[in-house]
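Right, one structure below, let's go through it.
The values are calculated or read from the model by the stated rules, or taken from the named source; none is laboratory data. Every value quoted in this text rests on a predicted model; they were computed, and no experiment measured them. Positions of Cβ are generated from backbone atoms using ideal geometry, with glycine treated the same way; all protein chains shown enter the neighbour counts.
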């Protein structure tokens, strides 16, 4: 799997984000605090000093880009890596875009922009849809996909598990996108965020075990 192009784009984007962060911070008075965390109701409940708040998304983007670039070199199952490349690329691109939006959302109060966390929730939902759509195309891998003892040792189990997991993850993404725009009480919005992700995480693992347990003894 070729990663150089995406890595270069990621690092250039992180550098642009850092420059934007420095520029935005320079427009603020010393000691200005900016929001860095929002609760389920969309209300700010965490602040940090402007420089730290504006620069951490750039640092996180660069760090995650280096991690994504390292995964193909660390993967023992090199002969199957290319089949899982769409999952890795979808995750990588989605995370890059989310980090950009997080930085813009943090900078918004300093720049007089009215941007809330709803679009971030929608962005996470879109990312889940992208990953879910790519999951069924993957093949056994130690770093990408739903890795259980039963999927890693049986390609048929991997394929069936990832078909189900992909559908559940896409469903979770759709629910999160809807939750971003439908007026909900904070507790219901939190449920809409957590429950689908838990289902998309736990159900495929149980299904993978059930497939292994149900197969004829060989």
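Structure notes:
To keep it simple, each residue is scored yes or no on (1) at pLDDT below 95; (2) crowded, with 21+ Cβ neighbours inside 10 Å; (3) in a loop (DSSP other than H, G, I, E, B).
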site	(1), (2), (3)
126	yes, no, no
134	yes, yes, no
179	yes, yes, no
194	yes, no, no
203	no, no, no
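- Residues of the range 149-177 satisfying the condition of being out of contact with any helix residue (DSSP H, G or I) (no Cβ under 8 Å at 6 or more places or on another chain) and part of a loop (DSSP other than H, G, I, E, B): 153
- Residue in the range 14-23 that is assigned to a helix (DSSP H, G or I), within 30 Å of residue 140 (Cβ to Cβ) and modelled with pLDDT of 90 or more present: no
- Residue in the range 113-124 that is farthest from residue 87 (Cα to Cα), counting only those that are touching a residue at least 24 places away in the same chain (Cβ under 8 Å) and part of a loop (DSSP other than H, G, I, E, B): 116
- Looking across the range 96-112 at every residue that is more than 17 Å from residue 47 (Cα to Cα) and in contact (Cβ under 8 Å) with a residue 40 or more places away in the chain, the one that is surrounded by the most Cβ atoms within 10 Å (Cβ to Cβ) is identified as 99.
- Residue 146 over 27 Å from residue 9 (Cα atoms) and outside any helix (DSSP H, G or I): yes
- From 93, 115, residue being surrounded by fewer than 18 Cβ atoms within 10 Å (Cβ to Cβ), under 15 Å from the mean Cα position of the chain (by Cα) and within 30 Å of residue 45 (Cα to Cα): 93
- Any hit, the range 44-54, residues being in a loop (DSSP other than H, G, I, E, B), over 19 Å from residue 119 (Cα atoms), touching a helix residue (DSSP H, G or I) at 6+ places or on another chain (Cβ under 8 Å) and in contact (Cβ under 8 Å) with a residue 60 or more places away in the chain: no
- Filter result for residue 183 (outside any helix (DSSP H, G or I), modelled with pLDDT under 95, more than 18 Å from residue 120 (Cα to Cα) and out of contact with any helix residue (DSSP H, G or I) (no Cβ under 8 Å at 6 or more places or on another chain)): no
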